[in-house]
There are 2 protein chains.
Amino acid sequence: MADTDARPHVVILGGGFGGLAAARQLDDPSLRVTLVDRRNHHLFQPLLYQVATAGLSAPSIAAPLRQILRKQSNATVLLDEVLDIDLAKRQVQLAHGTLDYDFLIVATGATHAYFGHDDWAQHAPGLKTLDDAFTIRRRVLLAFERAEREDDPERRQEWLNFVVVGGGATGVELAGTLAEIARHTLPREFRRSDPRRANVLLVEAGPRLLPAFATDLSEKAQRQLEKLGVQVRTGTAVTAIDDNGVILGDQPLSARTVLWAAGVAASPLGRKLHVPLDRAGRVQVSPDLNLPDHPEVFVVGDLASVSQPDGKPVPGVAPAAKQMGRYAALCILARLRGEKTVQPFRYRDDGSLATIGRMAAVAQFGRLKFSGLFAWWVWLVAHVYFLIGFRNRLVVLLDWAWSYWTYQRHARIVIGSDQADESDSRLPKDV
Amino acid sequence: MADTDARPHVVILGGGFGGLAAARQLDDPSLRVTLVDRRNHHLFQPLLYQVATAGLSAPSIAAPLRQILRKQSNATVLLDEVLDIDLAKRQVQLAHGTLDYDFLIVATGATHAYFGHDDWAQHAPGLKTLDDAFTIRRRVLLAFERAEREDDPERRQEWLNFVVVGGGATGVELAGTLAEIARHTLPREFRRSDPRRANVLLVEAGPRLLPAFATDLSEKAQRQLEKLGVQVRTGTAVTAIDDNGVILGDQPLSARTVLWAAGVAASPLGRKLHVPLDRAGRVQVSPDLNLPDHPEVFVVGDLASVSQPDGKPVPGVAPAAKQMGRYAALCILARLRGEKTVQPFRYRDDGSLATIGRMAAVAQFGRLKFSGLFAWWVWLVAHVYFLIGFRNRLVVLLDWAWSYWTYQRHARIVIGSDQADESDSRLPKDV
């Protein structure tokens, strides 16, 4: 790729919350920006569980990176995959070429991890990408279809048993929505099986749900989930997952659908930097988000492990990634202006929100804590506000209003069949 | 599957326009209906090209069959695949069980065909299912991405050459929309390549576009397409398609993206009936849509070959399929009431519409013919009217209004990678 532009070149790897925030902050004609992602879109991950549970269609929570940055003339978007990073040469090796950089921002995020049990992946899909969401949507919808076709009551119930592993925000949201689908969306549509007989079990190894929230909110979340019909088991470790279901401690549970919302590991790109990683594979960066000995390289978002001046770690959430991306961009702009010292990164906690289901949520803003209907409204307004694009906001609101009144979920469309499914005797082929 | 219900049992194979119309017409508590489809949704195929060209999201033009029929208590939906039909035993063999029938309606439609060149399929995807639409969307969007990454001007142009094979309604719609995307949607978003340099070539072997319309409308459609920037070549046969592009007669044309809108063949299920098929694989049925010697078996929609009293064949379009489905249902109800004679099926031609692109269309209602803006409005109203579901109508109208004002297409999200793409060296992996 021809490089004739003399302006400083900032290369950003990853178009998630961190990378995109950095690119937008670098809207300055004195430098040029190249954003590399292997997908063509930015994904609003906080609502991904709604694509998985058929409440929203994929384009409602995704926007093409090119479209987002089309008016920023110093920014180029490249659809490519990063193979390697050469810190000495200041060069990124892509699958289709190389990029020289003056500054590098690595923002490739995290993926789900199975704590060394990679064979669990085929039985218990996780939720990070749109393809993951379609896989979960397909498995959940097909489970109810298989139950309808099954004459044997015991085997039918196995298709109606759902296990969600992991009691963080994603696990709570998935479990609550599954219970709502089984109890309210589907019942009138099946003739031989009764979707209301579905069991949704939420398993958490730690002592309580939503560990990022205060203890009393965890309890409230659990009560709200149980009211929706979810069984909650905290302090329970999953020791095996296979075709037949899960083993909880030493107690087997037959279930044909297991969803994984438990483990997160940093992007494998961290290893290409040849610097110390923490246990979750995250890169330990300096207080100004730099690599040691490489002040021109920043790591932001879920891939970065950074401690605050008060000793607390920065959580792996979208607002933190955005703040880090903006901080890295401001550092670069300051250094290009010749400023030597920059204040270390400080995470500003704007509060935490988790939705549980129909009109139930928990919220925590500093010392202010609340739950139930009001928390749900705050959750709704915040999530629509942060969605990219006026059209998406409008359509998501419309979809939610429609789902609220009708109990229907408009995206109940089974698309494709992934390879894991095809080699999986539990699922029909060609459906 | 337990069969204890004594009511007459109508089994319908296929949940397209024909099968669904039949099922709805059979809303009568004195009989029971089982609708079998290997997909969980009814698809509004006339707008499928808009999913392929990123204007609509999949759930906007698809609705779960269960949801459509949920209030019809005599109807059961089964998600399964038909393996065989035993006319003597009156039994359908499914992948997961068997169904006994008193009446059978076969409505499994058509798929695209490559006139004996099955190896063309991997190079030139056709458009019949949602998965097909995603494949086309992916290839088209990735072609512009590859052009952006390509330094060599000749190879870059190959990525910007698009060939659409087949000048029927689907080919005309695809070509017109591709030209609009290249000229209006994408230009400001690329920094190194210019999407306006895209060539869209529409190739038709016959003497004119839209052969189902009057000659002067074909000419008008061609002029409207050319105004949008599409090159039209009629009377030109494609003799080869491979990785490098197409051969037109004996003239090679380099193009990295070829779309197939030329051939249609009836569903392979027709062969299971062991009756004479026509050249396109369609089942030759009696004037009352029955199989010879099997008055309890009906074939409707694109799978049926039926001649009118005036000798004209019934066209393979959605209104014809719906009319046939309703006719078969009314025949069954009449026979159950003991009526012996039924009027033979007559196709009522309600007119033809084809859209060409932004505010251009052609329309023909009997002797009434018109084109341009007014035809486009008629097309729009008709297509929104026939969409299933109030929500879908609203969202599709909203999407169209938004696209109209902004020239944007909201569903420009690349999803998945099909097997053909993965084994295809022309496309990046993991994007």
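The values are calculated or read from the model by the stated rules, or taken from the named source; none is laboratory data. Not measured: the values here are computed from a predicted model. We place every Cβ from the backbone using ideal geometry, glycine too, and count neighbours over all the protein chains shown. Protein only, heavy atoms only, side chains kept; ligands, DNA and RNA dropped before computing areas. Shrake-Rupley method; radii C 1.70, N 1.55, O 1.52, S 1.80 Å.
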**Under 11 Å, Cβ to Cβ, from residue B:64 - net charge with Lys/Arg +1 and Asp/Glu -1** = +2
**Request:** Would you mind checking the tilt of helix B:318-336 against the longest principal axis of the Cα atoms of chain B, expressed as 0 to 90 degrees and rounded to 10?
**Result:** 10 degrees
**Request:** Taking 7 Å along the Cα-to-C-beta vector as the label spot, tell me the residue A:307-residue B:382 distance in nanometres, rounded to one decimal.
**Result:** 7.1 nm
**Asked** So if we plug the beta-carbon distance of residue B:407 and residue A:233 into 1/(1 + (r/R0)^6) with R0 = 60 Å, what FRET efficiency do we get, rounded to 0.05?
**Response** 0.70
**Asked** Once amide H atoms are placed 1.01 Å from N in the peptide plane, what residues at a sequence separation of 5 or more from residue B:345, or on another chain, have their amide H within under 5 Å of its amide H?
**Response** B:288, B:289
**Asked** Net charge near residue B:19, counting Lys/Arg +1 and Asp/Glu -1 over other residues with Cβ under 13 Å of its Cβ?
**Response** +3
**Complete:** The ³J(HN,Hα) series, computed from each phi in region A:173-186 with the Karplus coefficients 6.51, -1.76 and 1.60 at θ = phi - 60°, rounded to the nearest Hz and given as x for glycine or proline, is 5, 4, 5, x, 6, 4, 4, 5, 4, 5, 8, 10, 7, 8
**Asked** For region B:202-210, what does the Karplus curve 6.51 cos²θ - 1.76 cosθ + 1.60, with θ = phi - 60°, yield as ³J(HN,Hα) per residue in whole Hz, taken in order and with x for Gly and Pro?
**Response** 10, 10, 10, 6, x, x, 8, 6, 6
**Message:** If you take every DSSP beta bridge fully contained in region B:243-340, what fraction is antiparallel? Give it as a percent rounded to 5.
**Reply:** 80 percent
**Message:** Defining the label point at 7 Å along Cα→Cβ, can you sort the distances from residue A:93 to the same site in each other copy, shortest first, in nm?
**Reply:** 5.5
**Asked** Short version: what are the Cα gyration tensor semi-axes of region A:277-431, square root of 5 times each eigenvalue, largest first, in whole Å?
**Response** 38, 24, 17
**Among beta bridges that DSSP assigns inside the protein assembly as shown, antiparallel share in %, nearest 5** = 55 percent
**Item:** Over 16 Å [Cα-Cα, region B:165-230], rounded percent
**Value:** 47 percent
**Complete:** Simple spin-label estimate for residue A:223/residue A:119, 7 Å along Cα→Cβ, in nm, reads 4.3 nm
**Prompt:** How large, in percent, is the carbon and sulfur part of the accessible surface of the protein assembly as shown at a probe radius of 1.4 Å?
**Reply:** 51 percent
**Request:** Would you mind giving the mean number of other chain beta-carbons within 10 Å of the Cβ of each residue in A:181-191, as a whole number?
**Result:** 3
**Exam field: residue A:340 pseudo-label spacings to other copies (7 Å along Cα-Cβ), nanometres** = 11.0
**Fill in**
Under 5 Å from the placed amide H of residue B:255, counting only residues 5+ away or on other chains, we find B:245, B:246
**Prompt:** Measuring from a point 7 Å out along Cα→Cβ, what nm distances, shortest first, does residue A:73 have to its partners in the other copies?
**Reply:** 6.8
**Message:** To check my understanding: the extent here is largest minus smallest coordinate of the Cα atoms along each principal axis. What are those three numbers for chain B, in Å, largest first?
**Reply:** 72, 49, 44
**Request:** Pop the C-beta distance of residue B:240 and residue B:152 into the FRET formula with R0 = 35 Å and round what comes out to the nearest 0.05.
**Result:** 0.90
**Signed unit charges on C-beta, dipole axis of region A:225-281, positive-most listed residue A:231, A:264, A:249** = A:264
**Message:** Output the 0 to 90 degree angle, nearest 10, between the alpha-carbon long axis of helix B:373-386 and the longest principal axis computed from the alpha carbons of chain B.
**Reply:** 40 degrees
**Fill in**
Summing +1 per Lys or Arg and -1 per Asp or Glu among the other residues with Cβ less than 11 Å from residue A:290's Cβ gives -2
**Prompt:** If all Cα-Cα distances of the protein assembly as shown are sorted into 20 Å bins from 0 onward, what percent lands in each bin, rounded to whole numbers?
**Reply:** 14, 44, 33, 8, 0
**Item:** Cβ nearest the rotation axis (B onto A), residue from chain B and distance to the nearest whole Å
**Value:** B:57, 2
**Request:** Can you pull the one-decimal nm distance between simple spin-label points at residue B:339 and residue B:280, each 7 Å off the Cα toward Cβ?
**Result:** 3.0 nm
**Item:** For chain B, built as a Gaussian network whose Cα springs stay under 10 Å, the top-fluctuating residue of B:145, B:180, B:154
**Value:** B:154
**Asked** Which whole-number value in Å² is the accessible area per residue of the protein assembly as shown, probe 1.4 Å?
**Response** 41 Å²
**Item:** Modelled FRET efficiency - R0 35 Å, residue A:359 with residue A:95, Cβ distances, 0.05 increments
**Value:** 0.15
